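Taking it in order: structure first as structure tokens, then the write-up.
The values are calculated or read from the model by the stated rules, or taken from the named source; none is laboratory data. Because the structure is a prediction, the values reported are computed rather than measured. Using ideal geometry, Cβ is built from the backbone for each residue, glycine included, and neighbour counts are taken over all protein chains shown.
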Amino acid sequence: MCGNEALAEAAIIAGCDAYFGYPITPQNEITAYMSKRMPEEDRVFVQSESELAAINMVFGASATGKRTMTTSSSPGISLMQEGISYLAGAELPAVIVNVMRGGPGLGNIAPSQGDYFQATRGGGHGDYRTIVLGPSTVQELVDCMPLAFDLADQYQIPVVVLADGILGQMMEPIVLDKKPRRELPPKDWALTGAKDREQNIVRSLWLPEGALEEHNYKLQAKYEQIQKDEVLCEQYALDDAEIVVVAYGVAARIVRSAVNQARKEGIKAGWIRPITLWPFPTEQIAKAADELSIFLVVEMSMGQMVEDVKLAVAGKTPVLFYGRPGGGVPTVSQVLERIKQLTIPPKKQ
Amino acid sequence: MTTNGFYEEIIIAGFGGQGILLTGRLLAQTAMKQGLEVTYMPSYGAEVRGGTANCMVIIADEPIASPLVDRPDSLIVMNKASLNKFAPRLKNGGLLIMNSSLIDTKPKLDDSIEIIAVPVDEIAVELGEKRAANMVAIGAYLQKRGSLSPDAAAACLAETIAKRHHKTLPVNTEALHRGAEFTKDNE
């Protein structure tokens with residue numbers, strides 16, 4: 001199974017009731033897999049006529065209380081932004097997988113991390129956030145799916161799984177976990193037919209004076225709760241590190257190889273890998289910045305997450321960047337080279 | 001990168017249609033069945049017959065960080081274009097398996113690199129299935145590298161090849177063994 005197929009099966013195990021999608025490389029295996037497996041499970045599969053249709057079908061299915069998802073790649077995710085904003089406004093749970101490719105525009109089909117800003121800043125119009133998960137192995141991608149559905153249901157929020165072409169296409173051994181997970185609140189807001197109960201209303205339109213402001217404060221309180229409770233990140237060898245490399249997703253695997261090599265050569269390097277990209281592990285990075293001399297951020301872009309790292313470090317220590325855009329993937333030796341350049345003299349200023 | 005334990009990085013490359021990706025998947029499946037860590041990364045988007053295809057496989061006895069292969073320990077090339085593209089990236093002390101049916105010249109590489117030139121197309125034609133050339137090549141590789149046996153790979157063919165092609169299992173198994181024998185006979 002490639003990463004795309006593995007995440008699709010994991011979504012089915014996680015109880016995805018309905019999948020809506022429109023084909024785009026490098027995530028076509030998801031749609032193809034779902035077209036076969038969802039009917040076998042007697043669940044809903046629709047290949048929509050466009051990405052716009054897909055995300056609005058997700059809106060509809062979610063409003064009825066069903067677990068639902070869509071998947072696409074960068075240009076297709078851009079088309080879905082209006083719908084994602086509506087989901088956020090109406091407080092509907094949904095899972096959206098973005099198997100990122102090179103941009104801007106139609107770009108190419110090579111792996112990329114160029115959609116970090118779009119994913120972590122909401123992406124569509126209005127004052128909202130989505131939870132964003134950035135897995136770095138196929139196993140983690142698989143484990144992300146039940147977590148994404150649970151987070152979506154618990155907080156009534158769209159959850160974005162931010163993968164890339166490498167993770168979607170590559171294969172590695174995985175274990176599909178079927179254990180039960182979080183206890184979730186009942187979906188008493190869902191549109192299930194109002195016989196013998198008060199009418200439920202799902203909406204993102206709040207016209208009366210002050211109503212939308214109130215609604216936004218409510219959303220904000222939810223976002224603050226998520227920032228407090230749901231941050232996930234992994235770190236390695238920070239105790240004596242003189243340089244810490246921050247990366248997520250596939251870039252973090254390249255960094256891991258480079259840091260291992262640097263350690264063998266006697267360089268005191270460590271790494272931090274955000275797993276949730278929003279909420280961002282600001283505290284963990286701020287804490288590391290109190291003790292460390294230099295940060296290097298590595299991305300498959302011209303520098304997006306680096307801004308969040310800089311916000312967390314808050315000027316306490318230098319934050320440098322290395323990245324390659326448009327489908328370029330930093331190599332282990334390129335990252336190692338940067339680590340070496342930075343660890344030879346310039347230390348705390 | 002290398003470690004103290006077992007860590008083998010492989011690139012397999014050739015024309016689309018030569019079974020490059022299938023070969024990589026067979027290698028990955030075999031390694032997984034032996035309880036090893038493995039990653040498989042295909043080139044994607046251009047795997048049409050006649051285009052170029054390649055894949056990167058890493059087999060190790062410890063978790064694998066980067067799945068991308070910068071400098072392979074072993075390279076299996078099925079055509080000349082792939083040889084020209086990837087041979088300069090081979091590590092010193094590495095192994096090159098090349099399809100001498102399509103590559104007529106020995107490449108100029110570091111003396112520490114071992115080259116095994118296998119006429120994989122001729123051998124496959126002898127077996128009556130030209131498309132089994134990829135299995136001859138991987139058989140030659142497995143015999144040389146020893147970490148996974150040609151028999152272990154043959155045992156994984158059924159789960160790697162799509163069911164509709166299962167009538168080719170015997171000839172593919174035979175091709176694997178012929179590749180292995182070629183290496184043995186030329187050592």
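Quick grid of which residues meet (1) over 29 Å from A:Lys222 (Cβ atoms); (2) of a type outside the set (Phe, Trp, Tyr); (3) away from every other protein chain (no Cβ under 14 Å):
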residue: A:Trp271; (1), (2), (3): yes, no, no
residue: A:Pro274; (1), (2), (3): no, yes, yes
residue: A:Val297; (1), (2), (3): no, yes, yes
residue: A:Lys310; (1), (2), (3): no, yes, yes
residue: A:Gly315; (1), (2), (3): yes, yes, yes
residue: A:Pro318; (1), (2), (3): yes, yes, yes
residue: A:Gly323; (1), (2), (3): yes, yes, yes
residue: A:Gly328; (1), (2), (3): yes, yes, no
residue: A:Ser333; (1), (2), (3): yes, yes, no
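Is it fair to say A:Gly89 is surrounded by fewer than 24 Cβ atoms within 10 Å (Cβ to Cβ) and without any contact (Cβ under 8 Å) to a residue 60 or more places away in the chain? Walk me through how you get there before you give the answer.
On the way: surrounded by fewer than 24 Cβ atoms within 10 Å (Cβ to Cβ): yes; without any contact (Cβ under 8 Å) to a residue 60 or more places away in the chain: no.
In short, no.
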(message) For a quick check of your reading of the model, give me the residue pairs whose first member lies in the stretch A:20-35 and is in contact (Cβ under 8 Å) with a residue 60 or more places away in the chain and within 12 Å of chain B (Cβ to nearest Cβ), whose second is surrounded by fewer than 23 Cβ atoms within 10 Å (Cβ to Cβ) and part of a helix (DSSP H, G or I), with beta-carbon atoms closer than 6 Å and at least 6 apart or on different chains.
(response) A:Glu29/A:Glu5
(message) Out of the residues in the stretch B:81-128 meeting the condition of being among the hydroxyl-bearing types (Ser, Thr, Tyr) and within 15 Å of the chain's Cα centre (by Cα), tell me which one is modelled with the highest pLDDT.
(response) B:Ser100
(message) Quick check on B:Glu37: is it without any contact (Cβ under 8 Å) to a residue 60 or more places away in the chain, surrounded by fewer than 20 Cβ atoms within 10 Å (Cβ to Cβ) and at the interface with another protein chain (Cβ under 9 Å from one of its Cβ atoms)?
(response) yes
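Here's the yes/no breakdown for (1) more than 13 Å from A:Val97 (Cα to Cα); (2) more than 14 Å from chain B (Cβ to nearest Cβ):
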| residue | (1), (2) |
| --- | --- |
| A:Thr137 | yes, no |
| A:Ala148 | no, yes |
| A:Asp153 | yes, yes |
| A:Ile157 | yes, yes |
| A:Leu191 | yes, yes |
| A:Asn200 | yes, yes |
(request) For B:Met98, work out the one condition from (1) assigned to a loop (DSSP other than H, G, I, E, B); (2) under 17 Å from B:Leu142 (Cα atoms) it doesn't fulfil. (result) (1)
(request) Can you give me the ranges of the strands (runs of 3 or more DSSP E) entirely in the stretch A:176-293 with at least 1 residues that are touching a residue at least 60 places away in the same chain (Cβ under 8 Å)? (result) A:243-246, A:269-274, A:276-278
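Applying the selection to the stretch A:328-349, what residues are surrounded by 18 or more Cβ atoms within 10 Å (Cβ to Cβ) and either in contact with a Gly (Cβ under 8 Å, 6 or more places away or on another chain) or assigned to a loop (DSSP other than H, G, I, E, B) (or both)? Please lay out each step first, then the result.
Taking the stretch A:328-349 and keeping what is surrounded by 18 or more Cβ atoms within 10 Å (Cβ to Cβ), we get A:329-332, A:335-336, A:338-339, A:342-343.
Correct list: A:Val329, A:Pro330, A:Thr331.
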(message) Within the stretch A:284-292, does at least one residue satisfy the condition of being under 24 Å from A:Gly103 (Cα atoms) and away from chain B (no Cβ under 14 Å)?
(response) no
(message) B:Ala81 - would you say it is assigned to a helix (DSSP H, G or I) and away from chain A (no Cβ under 14 Å)?
(response) yes
(message) List pairs: first residue in the stretch A:138-164 and closer than 22 Å to A:Ser301 by Cα and modelled with pLDDT under 95, second residue among the aromatic types (Phe, Trp, Tyr) and surrounded by 24 or more Cβ atoms within 10 Å (Cβ to Cβ) anywhere in the structure, Cβ distance under 8 angstrom, at least six positions apart or on different chains.
(response) none
(message) Given the condition part of a strand (DSSP E or B) and either surrounded by fewer than 18 Cβ atoms within 10 Å (Cβ to Cβ) or modelled with pLDDT of 95 or more (or both), answer yes or no: does some residue in the stretch A:302-319 qualify?
(response) yes
(request) Look at A:Ala258 and say whether it is crowded, with 16+ Cβ neighbours inside 10 Å and either modelled with pLDDT under 95 or within 14 Å of chain B (Cβ to nearest Cβ) (or both). (result) yes
